[in-house]
Amino acid sequence: MEEKKTVEAMERIDASHAPVLEEMLLKAVEEPENNHIIIDMEHTVYICSVGLRVLLTIQKKLRRRGGTMVIKNVKPQIMEIFDVTGFSGILTFE
Amino acid sequence: MDIEKKRNQESITVEAAMEHLEEVLHFVRRKLKKTEGRMQDRLVVEIIVEELFTNIASYAYGENTGRVTVECRISQEASEVMVVFTDRGMPYNPLEHEDPDTRASIEEREIGGCGILMAKKMMDDVQYEFRDGKNILTIRKYME
């Protein structure tokens, strides 16, 4: 049984916080057995393209390893950003 | 080189560099509080401001530095927000350029162009003009 790790995304995924999120996510998937990650966006009210880049990077990394990345508790305005940029077609949501 | 920062009621002028992003967002945030808008609409305007400022900081002046003025006006009825970005960088109309392929696969997907794409889709109006040697990019959002 493969365990799923949950990482809580911060309120604002902006230029100053995106690198922190990236570090958190990279750390969470560092070990090859940590192949399934859940990103909880319950607190996230702000995301810009630097944040999208982080999500894309981690998604690609896990995909190559046969892992999964699921995003949950996405607020409507954040979902709108995913939709407008086409990221809702690339990311997986719960 | 000393870059003076002009701050008055309606606009802020800073060096077009990421270290000034917070300052610009802080200025816009303060103005947005005067609107009747919902929190999420105000946040969307901030996100677009971050995107467009980042683009100017990254590309407008190439290897050189230069200034950008961000003007933020709230209509009398506090229902509409207008933000104008003015820079003297190389002439560039972001509206003329092709949007990133939003249906690209994960391997082909690019991040570039997302900012202006978000502006076009999430703001009520986006206008560009090149006048007196300046790039002038105006976004408007009607706050419900």
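The values are calculated or read from the model by the stated rules, or taken from the named source; none is laboratory data. Keep in mind that what you see is a predicted model, and the values were worked out from it rather than measured. Note that we place each Cβ from the backbone using ideal geometry, even for glycine, and neighbour counts take in every protein chain shown. All accessible areas refer to the heavy atoms of the entire protein, side chains included, with ligands and DNA or RNA removed. Shrake-Rupley method; radii C 1.70, N 1.55, O 1.52, S 1.80 Å.
Phi angles across the range B:112-124 convert, under the Karplus curve 6.51 cos²θ - 1.76 cosθ + 1.60 with θ = phi - 60°, into 3J(HN,Hα) values of x, x, 5, x, 5, 5, 4, 4, 5, 7, 10, 9, 7 Hz, Gly and Pro given as x.
The calculated 222 nm mean residue ellipticity attributable to helices in chain B amounts to -8500 deg cm²/dmol, summing -39500 (n - 2.57) over DSSP H runs of n ≥ 4 and dividing by all residues. With chain B treated as a Gaussian network of Cα nodes joined by springs under 10 Å, which of B:33, B:121, B:134 yields the largest mean-square fluctuation? Of B:33, B:121, B:134, the most mobile in the Gaussian network model is B:121. Think of each Lys and Arg Cβ as +1 and each Asp and Glu Cβ as -1; about the Cα centre, that makes the dipole of chain A roughly 360 debye. Rounded to the nearest Hz, the phi-derived 3J(HN,Hα) couplings of the range A:62-72 under the Karplus curve 6.51 cos²θ - 1.76 cosθ + 1.60 (θ = phi - 60°) are 5, 4, 5, 8, x, x, 9, 9, 10, 10, 10, where x marks glycine and proline. Once you have a ≥ b ≥ c as the square roots of the Cα gyration tensor eigenvalues for the range B:15-123, tell me rounded if a/c is under 1.5, and otherwise prolate or oblate according to whether a/b is larger than b/c. Oblate, because a/c is 1.5 or more while a/b does not exceed b/c. Which is farthest toward the positive dipole end of the protein assembly as shown among B:32, A:44, B:102, measuring Cα position about the Cα centre, with Cβ charges +1 (Lys, Arg) and -1 (Asp, Glu)? Comparing the listed Cα positions along the dipole, B:32 ranks first. Could you state how much accessible area is buried at the A-B interface, both sides summed, with a 1.4 Å probe, in Å² to the nearest 100? The A and B chains share an interface burying roughly 2100 Å². Here the protein assembly as shown is treated with +1 on each Lys and Arg Cβ and -1 on each Asp and Glu Cβ, and its dipole about the Cα centre works out to around 260 debye. When the helices of chain A are scored as -39500 (n - 2.57) per DSSP H run of n ≥ 4 and the total is divided over every residue, the value at 222 nm lands at -12500 deg cm²/dmol. Within the listed set B:50, B:77, B:129, the Gaussian network model of chain B (springs between alpha-carbon atoms below 10 Å) gives the highest mean-square fluctuation for B:77. Using a 1.4 Å probe on protein heavy atoms, which residues of the range B:107-144 have at least 40 Å² less accessible area in the complex than alone? The answer is B:107, B:109, B:111, B:118, B:122 - residues whose exposure falls by at least 40 Å² when every protein chain is included.
Backbone geometry of the range A:39-50 corresponds, through the Karplus equation with coefficients 6.51, -1.76 and 1.60 at θ = phi - 60°, to 3J(HN,Hα) couplings of 10, 8, 9, 4, 9, 7, 10, 8, 8, 10, 5, 5 Hz, x marking Gly and Pro. Which angle from 0 to 90°, rounded to the nearest 10, does the C-alpha axis of helix A:18-28 make with the longest principal axis of chain A? Around 20 degrees separate the two axes. The residues packed around residue B:121, meaning those with a beta-carbon under 13 Å from its beta-carbon, carry a net charge of -4 if Lys and Arg are +1 and Asp and Glu are -1. The Cα atoms of chain A give a gyration tensor whose axes a ≥ b ≥ c have a/c of 1.5 or more with a/b greater than b/c, which makes the shape prolate. Among the residues of A:75-82, the average count of other protein chain beta-carbon atoms within 10 Å of the residue beta-carbon is 3.
Counting only other chain Cβ atoms within 10 Å of each residue's Cβ, the peptide B:17-25 averages 1.
Per-residue shielding of A:41-47, expressed as the average number of other chain Cβ atoms within 10 Å of the residue Cβ, stands at 2.
The residues of the protein assembly as shown present an accessible area of 52 Å² per residue when probed at 1.4 Å with all protein chains retained.
For residue A:39, the residues whose amide H sits under 5 Å from its own are A:7, A:70, A:71, A:72, ignoring neighbours fewer than 5 places away on the same chain, with H placed 1.01 Å from N.
Normalised by the number of residues in chain B, the average gap of Cα pairs under 8 Å and 6 or more apart makes the relative contact order 25 percent.
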